[in-house]
Amino acid sequence: LAAVGMWHRVAARSLVRARSCLAQAARRASAPSSPKAFTPFRGVGTMSGIAPQYAEHLASLRKLMKDEGVEVLIVSKAPAFFWLTGGRCYVPTIEEAGPAKVVVDSEKAVVVTTAIEEHKMKNQECPGWEVRAAPWAGLPGTMDAIVAELVAGRPVEEDTGRLAGAIDELMVDLTDADIEAYRAFGKDIGDAIAEAAKSVSVGDTEYKVAGLTHLAYNKRGIDLVMIGVAHDERIAWDRHPLARLGAGDGAGSELKKVCMIATCGRRKGLVCSLSRVVCFGEVSEELRKIHDVCMEVDAELNLATTPGKTADALYALAAKAYADRGFPEQIEQHHQGGLIGYKCRHWIAQPGGTQVVKAGRAYAWNPTIAGKTIGTKSEDTILVTRDGSVENLTPSSDWPYVEAKTADGKTMKRPDILVK
């Protein structure tokens, strides 16, 4: 009882101190000040250790702010926070934002977080950035007070406001450092999905396969932000197959013959999408036919992703590719993919879509076909290089590939079915 009483007194004193800090910060924020006398964001020179990749992102963001007449911008959404800092701003992965945000003006950029996250943000997630931490007791007011002090009465924009579209454009325009990181990431994730697929066994539930995939990705520092696993006839039923448990008697999701793994993985904000199919024993005639078509549609889309091509034109190309091969209905049953980068898709190709393919950006196409008894998918992440050529970022080493042909005679290596 004495110990409990002691901790209650300590907690009470901590709360009093937090409330005092909040009150002082609020008084400072509300006190009149001259803009000329204000020095934005104390601590000049504290960002000398920021990685060049993110320093370049910060510079491009400041240019946008200057062009748009924005004095202060608050970045809080996970994709933009990732792009700007390379760090994770969330705790539960289901959140779009978390206990960290960046306050940016023309001179400084400060990560504002809580005392709970301070060490992690300084040393792990955002090394080199200035970090200001608020007491957890009194949240969100304690963080708001720090933000108010930094803003000092100036007009503020949020990353979800009128600059949202422009920030999205900055995020997908990959710098040389982004491309280097994407290539290393793509190699690792391509090997990770192959490792997971090769570890699958007959009788595994979809949840077990999802776990094996998590393991292969996580050991390479990759977070799964989307994992779809489907076995056998369910591949034809569900285009986004969330994993299911088994029934224990083989009537549930236990694998009998064919397994499809579809993923979006993220590392330091960049996202790759890719899928693979495994078959135990001889590939059925139906699966062989639809997978061949799927790889050809995939090749058509990838090789047509050239600078200047519109989303509408790519949608029309996909529709024609399905129809010419005898599967006209498939275009209506699932979207075909589109622009990728710091989101699973920044846009998808749709009829009438006005978005334009540009060099120095990444794309992920995901054609799928549902047959009568089985389904399949072909998917990788590609880069449209500076010279306009197409590069597969996510190849899987030691995986069977096929030279898939397009209608005009071009070929591209696409991942075939792994037979075990």
Hey, among the residues in the stretch 134-145 that are outside any strand (DSSP E or B) and in contact with a Ser or Thr (Cβ under 9 Å, 6 or more places away or on another chain), which one's farthest from PHE81 (Cα to Cα)? ALA137
If you scan the stretch 336-390, which residues turn out to be open to solvent by 10 Å² or more (accessible area, probe 1.4 Å) and in contact with a His (Cβ under 6 Å, 6 or more places away or on another chain)? ILE348
Cβ pairs under 6 Å, 6+ apart, first in the stretch 330-345 and within 15 Å of TRP237 (Cα to Cα) and in contact (Cβ under 8 Å) with a residue 12 or more places away in the chain, second assigned to a loop (DSSP other than H, G, I, E, B) and open to solvent by 10 Å² or more (accessible area, probe 1.4 Å): HIS334/ARG239
Taking the stretch 53-103 only, how many residues are open to solvent by 40 Å² or more (accessible area, probe 1.4 Å) and of a type in the set (Val, Ile, Thr)? 3
Which residue out of ASP144, ASP176, ASP168, ASP159 is closer than 30 Å to PRO307 by Cα and either open to solvent by 40 Å² or more (accessible area, probe 1.4 Å) or hydroxyl-bearing (Ser, Thr, Tyr) (or both)? ASP176
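Yes/no matrix, rows are residues, columns are (1) free of Cβ contacts under 8 Å to residues at least 60 places away in the same chain; (2) in a helix (DSSP H, G or I); (3) among the hydroxyl-bearing types (Ser, Thr, Tyr):
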site	(1), (2), (3)
ILE167	no, yes, no
LEU174	no, no, no
ILE179	no, yes, no
GLU195	yes, yes, no
GLY203	yes, no, no
TYR207	yes, yes, yes
Suppose we keep only residues that are open to solvent by 10 Å² or more (accessible area, probe 1.4 Å) and touching an Asp or Glu at 6+ places or on another chain (Cβ under 7 Å) within the stretch 391-406. Which one would you say is modelled with the lowest pLDDT? SER397
Please verify whether VAL229 is part of a helix (DSSP H, G or I) and either over 17 Å from SER201 (Cβ atoms) or in contact (Cβ under 8 Å) with a residue 24 or more places away in the chain (or both), treating the condition exactly as stated. no
Write out, first by first residue and then by second, each pair whose Cβ atoms fall under 7 Å of each other, whose residues are 6+ apart or on separate chains, and whose first residue, in the stretch 54-69, is under 18 Å from CYS126 (Cα atoms) while the second is assigned to a helix (DSSP H, G or I) and not hydrophobic (A, V, I, L, M, F, W, C). TYR54/THR85
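One line per residue, one yes/no per condition, for (1) under 20 Å from ASP298 (Cα atoms); (2) open to solvent by 10 Å² or more (accessible area, probe 1.4 Å):
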{"site": "ALA192", "(1), (2)": "no, no"}
{"site": "LEU215", "(1), (2)": "no, yes"}
{"site": "ILE227", "(1), (2)": "no, yes"}
{"site": "ALA236", "(1), (2)": "yes, yes"}
{"site": "ARG239", "(1), (2)": "yes, yes"}
{"site": "SER253", "(1), (2)": "no, no"}
{"site": "ALA262", "(1), (2)": "yes, no"}
{"site": "GLY269", "(1), (2)": "no, no"}
{"site": "PHE280", "(1), (2)": "no, yes"}
Has the stretch 253-260 got any residue that is in contact with a Ser or Thr (Cβ under 7 Å, 6 or more places away or on another chain) and under 28 Å from LYS405 (Cβ atoms)? yes
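The values are calculated or read from the model by the stated rules, or taken from the named source; none is laboratory data. Computed from a predicted model, the values in this text were never measured in an experiment. A quick note on method: Cβ atoms are made from the backbone with ideal geometry, for glycine too, and the neighbour counts reach across all protein chains shown. Each accessible area value is taken on the protein alone, full model and side chains, heavy atoms only, with ligands, DNA and RNA left out. Shrake-Rupley method; radii C 1.70, N 1.55, O 1.52, S 1.80 Å.
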